[in-house]
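The values are calculated or read from the model by the stated rules, or taken from the named source; none is laboratory data. Just so we're clear, the structure is a prediction, and the values are computed from it rather than from any experiment. For neighbour counting, all protein chains shown are included, and Cβ atoms are generated from backbone atoms with ideal geometry for every residue, glycine included.
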Amino acid sequence: MPLGDLEDEAMAKVLIVAQDQVLIENLKRELPGEKSFRTSTAASGFEAGIQAESFHPDCIIVDFSIGQLEALQICQNLRRSPDFAETILIALLPDDGTTASFDRSSINETFKKPFDAALLAERLRTLIGARKELV
């Protein structure tokens, strides 16, 4: 018997917007489905918009390595939509020696790469767990 909406309420849904397959696999390993997480991925702003509309994530992780302008556009577009006003946005910033200066008001958290995927997963459990009861 499918649980549908009940399952959605008990699962933390995370959309990962990235092109780095190693990063995606590391995050998926730390956010396993059997531990209350469902993940989906997108490689571009266009895909992110489609996935966000169909998947309804609790959290969207945006890897700024896809391009700072595109990543910022994704975050700003999501914040403009009332459907995603409460969605947790996490930016993964590249450690390229430059300081990324941009308006971070639309972003809940930032992690500088390389980072500990387990630490990010624990932070997600805290942030999402504060909003919904995870199993």
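Within segment 61-87, being in contact (Cβ under 8 Å) with a residue 12 or more places away in the chain, in a helix (DSSP H, G or I) and of a type in the set (A, V, I, L, M, F, W, C) holds for Phe64, Ile66, Ala71, Leu72, Ile74, Cys75, Leu78, Phe84.
Can you name every residue in segment 19-65 that is farther than 20 Å from Arg125 by Cα and buried (at least 22 other Cβ atoms within 10 Å of the Cβ)? Spell out the reasoning first.
The initial filter retains those residues of segment 19-65 that are farther than 20 Å from Arg125 by Cα, namely 19-22, 42-51, 53-54, 64-65.
Once the filter is applied, which keeps residues that are farther than 20 Å from Arg125 by Cα and buried (at least 22 other Cβ atoms within 10 Å of the Cβ), segment 19-65 yields Ala42, Ala48, Phe64.
Has segment 97-108 got any residue that is outside any loop (DSSP other than H, G, I, E, B), closer than 24 Å to Asn77 by Cα and modelled with pLDDT of 85 or more? No, that holds for no residue.
Assess whether Ile88 counts as being surrounded by 12 or more Cβ atoms within 10 Å (Cβ to Cβ) and touching a Pro at 6+ places or on another chain (Cβ under 9 Å). Don't jump to the end; show me each part of the working.
Details: surrounded by 12 or more Cβ atoms within 10 Å (Cβ to Cβ): yes; touching a Pro at 6+ places or on another chain (Cβ under 9 Å): yes.
Considered against the rule, which asks whether it is surrounded by 12 or more Cβ atoms within 10 Å (Cβ to Cβ) and touching a Pro at 6+ places or on another chain (Cβ under 9 Å), Ile88 comes out as yes.
Whether any residue in segment 88-95 is under 22 Å from Phe37 (Cβ atoms), part of a helix (DSSP H, G or I) and hydrophobic (A, V, I, L, M, F, W, C) is what I want to check. No: segment 88-95 contains no residue that is under 22 Å from Phe37 (Cβ atoms), part of a helix (DSSP H, G or I) and hydrophobic (A, V, I, L, M, F, W, C). Residues in segment 9-60 that are in contact (Cβ under 8 Å) with a residue 60 or more places away in the chain and assigned to a helix (DSSP H, G or I): Glu9, Ala10, Leu23, Asn26, Leu27, Arg29, Glu30.
Of note, Lys28 satisfies the criterion of being touching a Ser or Thr at 6+ places or on another chain (Cβ under 7 Å) and either more than 23 Å from Arg131 (Cβ to Cβ) or charged (D, E, K, R) (or both).
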